[in-house]
Amino acid sequence: MAEGAGLTPFRMPSVLQTVFALPLRGLTWLGGQGTRAVAAIAFIAVAVPPLGALLRPYVTEAIFLLLCISFMRVDLVALYGHLRRPALVAAATAWTTIGVPLIVALAAYATGLTMSSPGLALALMLQGMASPMMAAPALAALMGLDATLVLVTLVTSTALVPFTASLFASLFLGGMLSIAPLTLGLKLLGILAASLLAATIIRRLFGTAAIQRHKRPIDGVNIVILLVFASAVMGDVATDLTTDPLFTIAVALLAFAVYFTLLAVTTLIFRSIGTERAFAIGLMVSQRNLGLMLAATAGALPATTWLYFALTQFPIHLAPYLLMPIARRLTARAETSSGAAANSTT
């Protein structure tokens, strides 16, 4: 049965269509800005601290809406197609949900960071335990990469994160976290389940075709919500930079180093499937959903953990724009190889 069979998609009355025409055009334009708009968000969030103070109470709601939009746009046909070939998806899922948090936690203990800077160690371990960002498939698509593979791996890893995060929290975090590991897992599960339910209802009401047809304005809404989240998280960065510039710059450099290390290592691990697809998985793995962890912990985290989470927004928002030329070269090379292979068989 086709999705939504037996249900008539909701149609907006003509009067409401007229009222919403102008903001719809604005959102469509914003959605068309792609990685430029995503990159600009980080600078706007830092440049306007009052916006962060105003929006900080709405971090959980912003994360919930981002999750809803991502689940709402899942391509079920592509999802089922990849799930019929599960080996690669299973390997990528195991790496991002088990390999990454395990390596990050062991590194934090081996370097003595848990003793010298517990807040920073907590931030790194929560980053490792987090699922990839729900926006990762959209970013991969904007860069011309294999968004379907990213989407499927994202869905499977997100489904496992409440359980793996609870396990790793009990193994490594001890008293570093203000909530119990089981509570963390249950909160993550509740947020994901509620957003999936809301997305399913929206798909049923409006229909998949309407969602596809309004891709650009939905992208615009996504960017606005990303601005809300980034502003709430990054609102104090300017103050931190003024009061302790050396430490803030060092934490920012660490955030960039972790991001690009995850990207490079993942690409190398999966290079046998093709550099373009390995790069797509690497992009997904490096884009960790720290907002989900903030929502699950209700923001009850040390100041250093907040600072690191804030500064990770710079590589998350800037890297897709900076890496676009590399992605285009890899995509062109993959297309050339596919074309050559097709010609050799004819």
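The values are calculated or read from the model by the stated rules, or taken from the named source; none is laboratory data. Not measured: the values here are computed from a predicted model. In this analysis, Cβ positions are derived from the backbone assuming ideal geometry, glycine residues included, and neighbour counts consider all displayed protein chains.
Descriptive notes on the structure:
- The stretch 36-77, subset outside any helix (DSSP H, G or I) and of a type in the set (D, E, K, R), residue surrounded by the most Cβ atoms within 10 Å (Cβ to Cβ): Arg73
Yes/no matrix, rows are residues, columns are (1) under 19 Å from Ser231 (Cβ atoms); (2) out of contact with any Phe, Trp or Tyr (no Cβ under 9 Å at 6 or more places or on another chain); (3) modelled with pLDDT of 80 or more:
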{"residue": "Leu27", "(1), (2), (3)": "yes, yes, no"}
{"residue": "Gln33", "(1), (2), (3)": "yes, yes, no"}
{"residue": "Val38", "(1), (2), (3)": "yes, no, no"}
{"residue": "Val59", "(1), (2), (3)": "yes, no, no"}
{"residue": "Arg73", "(1), (2), (3)": "no, yes, no"}
{"residue": "Gly81", "(1), (2), (3)": "no, yes, no"}
{"residue": "Thr93", "(1), (2), (3)": "no, yes, yes"}
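- Any hit, the stretch 151-160, residues being in a helix (DSSP H, G or I), touching a strand residue (DSSP E or B) at 6+ places or on another chain (Cβ under 6 Å) and either over 24 Å from Ala257 (Cβ atoms) or hydrophobic (A, V, I, L, M, F, W, C) (or both): yes
- Meets criteria (in contact with a Leu (Cβ under 6 Å, 6 or more places away or on another chain) and more than 21 Å from Leu301 (Cβ to Cβ)) for Gly274: no
- Near pairs, Cβ below 8 angstrom, 6+ apart or cross-chain, from the stretch 155-171 (more than 14 Å from Lys187 (Cα to Cα)) to any residue that is hydroxyl-bearing (Ser, Thr, Tyr): Thr156/Thr93; Ser157/Thr93; Ser157/Thr96; Ser157/Thr97; Ser157/Ser131
- Residues that are among the charged types (D, E, K, R) and closer than 20 Å to Thr153 by Cα do occur in the stretch 79-87, at least one of them.
- Residues in the stretch 105-143 that are part of a loop (DSSP other than H, G, I, E, B) and touching a Lys or Arg at 6+ places or on another chain (Cβ under 6 Å): Ala130 only.
- Enumerated helices (runs of 4 or more DSSP H) restricted to the stretch 176-243, each holding at least 1 residues that are more than 30 Å from Leu22 (Cβ to Cβ) and small (Gly, Ala, Ser): 181-206, 237-243
- Residue in the stretch 230-241 that is among the acidic types (Asp, Glu), closer than 26 Å to Arg56 by Cβ and free of Cβ contacts under 8 Å to residues at least 24 places away in the same chain present: no
- Thr248 satisfies every condition listed in (1) under 16 Å from the mean Cα position of the chain (by Cα); (2) within 17 Å of Val46 (Cβ to Cβ) except (1).
- Matching entry among Ala130, Ala110, Ala121 (being at pLDDT below 95 and in contact with a strand residue (DSSP E or B) (Cβ under 6 Å, 6 or more places away or on another chain)): Ala130
- Selected residue (only one of Ala123, Ala136, Ala130 is more than 21 Å from Leu268 (Cα to Cα), crowded, with 23+ Cβ neighbours inside 10 Å and within 14 Å of the chain's Cα centre (by Cα)): Ala130
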